[in-house]
Amino acid sequence: MSQEGYSVSDYLYELPQELIAQDPIEDRSASRLLVMDRKTGELSHRIFRDVKEYLRPGDCLVLNDTRVIPARLMGVREGTGGNVEILLLKRLADEAAPDDEHAGGMNSLVWECLVKPGRKLRPGADVLFGAETADAAPLKARIVSVTDDGNRIVRFFFDGIWEEVLDRLGEMPLPPYITHRLPRENRDRYQTVYAKNTGSAAAPTAGLHFTDALLNEIRGAGVRTVFVTLHVGLGTFRPVKTENILEHHMHTEYCEISAGAADEINSARAAGGRIICVGTTSVRTLETLSSDDGKVKSGKADTDIFIYPGYRFKAVDGLITNFHLPGSTLIMLVSAFAGRENVLEAYRTAVDERYRFFSFGDAMLII
């Protein structure tokens, strides 16, 4: 690959602020769909439910079944009452902490987190959630340490079942470009209809467009649907801070492919079907857990795969994806798949045609 394409500035585009979708539309499958022929760059304008017209019997649609947790916790610092925000990133341990005087017989979990205000939350600081006194708080936390990139290792203390405590006290961790709050009763709109395996700090947003009815139509047309898992981290939204993209360090995310899913994907390819990934997370999962000949392997991994132009795809023939942030690793991945100039021209067209961008926005099919 030439030197062009190695710079963050090669992946920038102009986006009017009003095109950033702030709320999901009522009918998931009524989003707009920009269809790109990856060989020619030719574009077509459709509605998302029309995606079934581009799928053939024998194709395999690969979806990420991760489920988003209400990972945003709002609390107060014990002793000062100052407001604290903690975003759960990655669960690290399940050990009880009987020797910690803060435990008091409570259950304990350890997470890697983002915290605000970071400068004031140093190791040893205690945070209360759900009440402003330690005796009344159903959830407590202690800052254990600081990671090299400024995140915090946090031990949480609670009674009962962690998932129930989190469901009661946590909020959906919407990306920073979404300024509207998602009401508790609408939490499912930031989940795919097939979300199953809990663990994401953000939704695999390409899948938000599917309804159960549309998936049933697709299956009825002879297309296989297969589920893999990648738990999305908030690092997905972090900007690339180095102008030379080769100097960028990718965050890691947990991914998994079951033996049954790997067999289904490999069987579809062997029979001449295309492997169509729903979202960049599904792409990263397949490309992490596949061999050079394109055969997908079952297994689990912490992946930090970074895909940018020049990458040779092993296991993916088509991609359904949303519109991504300028200069992000996600637009680099899409550019690797469809060609940087094709992608930037498609984005310029989407802006001109007033498509809605990012998590709650419209979609692209690249095939």
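In this structure, does Glu18 turn out to be out of contact with any strand residue (DSSP E or B) (no Cβ under 7 Å at 6 or more places or on another chain), part of a loop (DSSP other than H, G, I, E, B) and not hydrophobic (A, V, I, L, M, F, W, C)?
Working: out of contact with any strand residue (DSSP E or B) (no Cβ under 7 Å at 6 or more places or on another chain): yes; part of a loop (DSSP other than H, G, I, E, B): no; not hydrophobic (A, V, I, L, M, F, W, C): yes.
So Glu18 fails the test.
Mind listing whichever residues of segment 310-367 are surrounded by fewer than 20 Cβ atoms within 10 Å (Cβ to Cβ) and among the basic types (Lys, Arg)?
Arg312, Lys314, Arg340, Arg348, Arg354
Here is a yes/no grid of residues against (1) touching a residue at least 60 places away in the same chain (Cβ under 8 Å); (2) in the same structural domain as Arg219 (by TED's automatic domain parsing); (3) among the aliphatic types (A, V, I, L, M); (4) farther than 18 Å from Leu61 by Cβ:
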| site | (1), (2), (3), (4) |
| --- | --- |
| Glu243 | yes, yes, no, yes |
| Cys277 | yes, yes, no, no |
| Ser290 | no, yes, no, no |
| Asp304 | no, yes, no, yes |
| Ile307 | no, yes, yes, yes |
| Gly310 | yes, yes, no, yes |
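Being surrounded by 13 or more Cβ atoms within 10 Å (Cβ to Cβ), farther than 24 Å from Leu330 by Cα and out of contact with any strand residue (DSSP E or B) (no Cβ under 8 Å at 6 or more places or on another chain) is true for just one of Arg155, Arg187, Arg224. Which residue is that?
Details: Arg155 fails: out of contact with any strand residue (DSSP E or B) (no Cβ under 8 Å at 6 or more places or on another chain); Arg224 fails: out of contact with any strand residue (DSSP E or B) (no Cβ under 8 Å at 6 or more places or on another chain).
Exactly one of Arg155, Arg187, Arg224 is surrounded by 13 or more Cβ atoms within 10 Å (Cβ to Cβ), farther than 24 Å from Leu330 by Cα and out of contact with any strand residue (DSSP E or B) (no Cβ under 8 Å at 6 or more places or on another chain), namely Arg187.
Residues of segment 55-69 being in contact with a strand residue (DSSP E or B) (Cβ under 6 Å, 6 or more places away or on another chain) and surrounded by fewer than 20 Cβ atoms within 10 Å (Cβ to Cβ), which ones?
Result: Asp65, Arg67.
Can you list residue pairs whose Cβ atoms sit under 8 Å apart, with the first residue in segment 142-155 being free of Cβ contacts under 8 Å to residues at least 24 places away in the same chain and the second being assigned to a strand (DSSP E or B) and of a type in the set (A, V, I, L, M)? Count only pairs 6 or more apart in sequence or on different chains.
Ser145/Ile153
Taking only pairs six or more apart or across chains, which ones have beta-carbon atoms under 9 Å, a first residue in segment 341-364 that is within 18 Å of Ala206 (Cα to Cα), and a second residue that is of a type in the set (S, T, N, Q) and surrounded by fewer than 21 Cβ atoms within 10 Å (Cβ to Cβ)?
Filtered contacts from segment 341-364: Tyr355/Thr349; Phe360/Gln22.
Specify which of the listed residues (Ser200, Ser258) is out of contact with any strand residue (DSSP E or B) (no Cβ under 6 Å at 6 or more places or on another chain) and either in contact (Cβ under 8 Å) with a residue 24 or more places away in the chain or farther than 22 Å from Phe323 by Cβ (or both). Talk me through it step by step, then tell me what you get.
On the way: Ser200 fails: out of contact with any strand residue (DSSP E or B) (no Cβ under 6 Å at 6 or more places or on another chain).
After applying the criteria, what remains is Ser258.
Given the criteria under 30 Å from Arg28 (Cβ atoms) and touching a helix residue (DSSP H, G or I) at 6+ places or on another chain (Cβ under 7 Å), does Leu182 qualify?
yes
Could you check His209 against (1) free of Cβ contacts under 8 Å to residues at least 40 places away in the same chain; (2) surrounded by 17 or more Cβ atoms within 10 Å (Cβ to Cβ) and say which number it fails?
(1)
The values are calculated or read from the model by the stated rules, or taken from the named source; none is laboratory data. Fair warning: this is a prediction, and the values are worked out from it, not measured in the lab. Cβ atoms come from the backbone with ideal geometry, glycine included; neighbour counts cover every protein chain shown.
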